[in-house]
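Written below as structure tokens is the structure these notes are about.
The values are calculated or read from the model by the stated rules, or taken from the named source; none is laboratory data. Computed from a predicted model, the values in this text were never measured in an experiment. Because the Cβ atoms are built from the backbone with ideal geometry, glycine has one as well, and the counts that use them run over all protein chains shown.
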């Protein structure tokens, strides 16, 4: 199994790993030492809380490193006139009878609440490669689908300001 990521995705993950190893881990270890010095560990909530935070930090480091190790670097260029990665797409949702704007992103930067939709999602897979004027069926599952019309495509590029997801 591999993750399809951009060079910027990998740079952002490496920066987070470096921050977690160089800044967060030492700070948590100091807090753990101070909590341990308070005495009886069996009833020391501060110790257990910091220990959990340290374990979560280490888990996140392992997760990010695994993503980097299995990554396949993808090209963000797409054919002119078609929906590609990091493009802002204006579409008309026929069911909702409303227009909305979304940006197609890598899974690592998916954030539906800010309009960043993963290329791996049913929506992303359906609209990638579409052109202005196309009517696209979004098949959510075997029993539900809906149609959108592509109204505009604004070519984008890998935006370094888009954060990577923490989940």
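Scanning region 128-164 for residues that are at pLDDT below 90 and touching a strand residue (DSSP E or B) at 6+ places or on another chain (Cβ under 7 Å), which turns out farthest from residue 117 (Cα to Cα)? Among those that are at pLDDT below 90 and touching a strand residue (DSSP E or B) at 6+ places or on another chain (Cβ under 7 Å), it is 156.
What residue, among those in region 104-134 that are touching a residue at least 24 places away in the same chain (Cβ under 8 Å) and part of a strand (DSSP E or B), is nearest to residue 9 (Cα to Cα)? Checked region 104-134; the qualifying residue nearest to residue 9 (Cα to Cα) is 105.
Residues in region 4-28 that are surrounded by 15 or more Cβ atoms within 10 Å (Cβ to Cβ) and over 15 Å from the mean Cα position of the chain (by Cα): 17, 20, 24, 25, 28.
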